[in-house]
Amino acid sequence: MALTPSTMLPLGTPAPDFHLPDTQGKTVSLASFKDQPALVVIFMCNHCPYVVHIRAGLAQLALDYAPKNIALVGINANDARNYPADSPARMKDEVAAAGYTFPYLYDETQAVAKAYRAACTPDIFLFDRGRRLVYRGQFDASRPGNGLPVTGKDLRAALDAVLAGRPTSEMQAPSLGCNIKWKPGNEPAYY
């Protein structure tokens, strides 16, 4: 497994807009989350071993923070033609199997992934109420095979800081995972 790190988009960056279909065909946009105090955007997919590794922890995090009105959205930007395990139909199956309670969107053109400068799966971005980036990086230090438990410690600490009105730590470790599966000829310049 080749490791690709996140690009570490500069803190303070405004959340790029998106209008993408979820697994039910409903369009979800950045404005869909206007009333939440924070928004987590995770670029993910169905088959990446790094996403599969944190999948239960991610589902639990969504459940734990739902009462706090935190919005979470997953976005799959992988080329489904060359990676059929990441097709929209399989995404629907993944939502059911993983127990995801958050919208899981498909970025067919990969334009949204490029706007976020997403590079890997999982690639995690946390925006505050004003939709400014306050955290980008790893879920926690657990990786397939390293023996560390999946806790979501890093993202949870950032979420708790936002909810308490405190700044997030500036010490943020990049996420590591599989590269986004870009369509041939669609690889971004930053990649």
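The values are calculated or read from the model by the stated rules, or taken from the named source; none is laboratory data. Everything quoted here is computed from the prediction, not taken from an experiment. As a convention, Cβ positions derive from the backbone with ideal geometry for all residues, glycine included, and neighbour counts pool all protein chains shown.
Structure notes:
- If the condition is being over 13 Å from G74 (Cβ atoms), touching a residue at least 12 places away in the same chain (Cβ under 8 Å) and assigned to a loop (DSSP other than H, G, I, E, B), then segment 121-134 contributes D128, R129, R131.
- Subset of segment 136-168 [touching a strand residue (DSSP E or B) at 6+ places or on another chain (Cβ under 9 Å) and hydrophobic (A, V, I, L, M, F, W, C)]: F139, L155, A157, A158, L159, A161, V162
- Residue match in segment 109-117 (condition: at negative phi and in contact with a helix residue (DSSP H, G or I) (Cβ under 8 Å, 6 or more places away or on another chain)): no
- Looking across segment 48-88, the residues that are part of a loop (DSSP other than H, G, I, E, B) and either surrounded by fewer than 16 Cβ atoms within 10 Å (Cβ to Cβ) or at pLDDT below 95 (or both) come down to N69, R81, N82.
- Neighbours by Cβ (under 6 Å, 6+ apart or cross-chain): first from segment 6-24, free of Cβ contacts under 8 Å to residues at least 12 places away in the same chain; second among the hydroxyl-bearing types (S, T, Y): H19/T27; H19/S29
- When G12 is tested against (1) surrounded by 19 or more Cβ atoms within 10 Å (Cβ to Cβ); (2) under 14 Å from Y116 (Cα atoms); (3) small (G, A, S), exactly one condition is not met: (1).
- Looking across segment 169-191 at every residue that is assigned to a loop (DSSP other than H, G, I, E, B) and among the hydrophobic types (A, V, I, L, M, F, W, C), the one that is surrounded by the fewest Cβ atoms within 10 Å (Cβ to Cβ) is identified as A189.
- Residues of segment 137-173 classified as modelled with pLDDT under 95 and of a type in the set (K, R), total: 0
- Residues located in segment 59-86, provided they are under 14 Å from the mean Cα position of the chain (by Cα) and over 25 Å from G165 (Cβ atoms): A59, G74, I75, N76, A77, N78
- Selection status of A2, more than 13 Å from the chain's Cα centre (by Cα), modelled with pLDDT under 95 and surrounded by fewer than 16 Cβ atoms within 10 Å (Cβ to Cβ): yes
- The set of residues from segment 5-54 being over 19 Å from A141 (Cα atoms), of a type in the set (A, V, I, L, M) and in contact with a helix residue (DSSP H, G or I) (Cβ under 8 Å, 6 or more places away or on another chain) comprises A15, L20, A38, L39.
- Meets criteria (touching a residue at least 60 places away in the same chain (Cβ under 8 Å) and under 21 Å from R143 (Cα atoms)) for A118: yes
- For segment 155-168, filtering for residues that are within 16 Å of S6 (Cβ to Cβ) and either of a type outside the set (G, A, S) or surrounded by fewer than 15 Cβ atoms within 10 Å (Cβ to Cβ) (or both) leaves 2.
- Yes/no for P149 being more than 25 Å from P37 (Cβ to Cβ), touching a helix residue (DSSP H, G or I) at 6+ places or on another chain (Cβ under 8 Å), surrounded by fewer than 19 Cβ atoms within 10 Å (Cβ to Cβ) and not small (G, A, S): no
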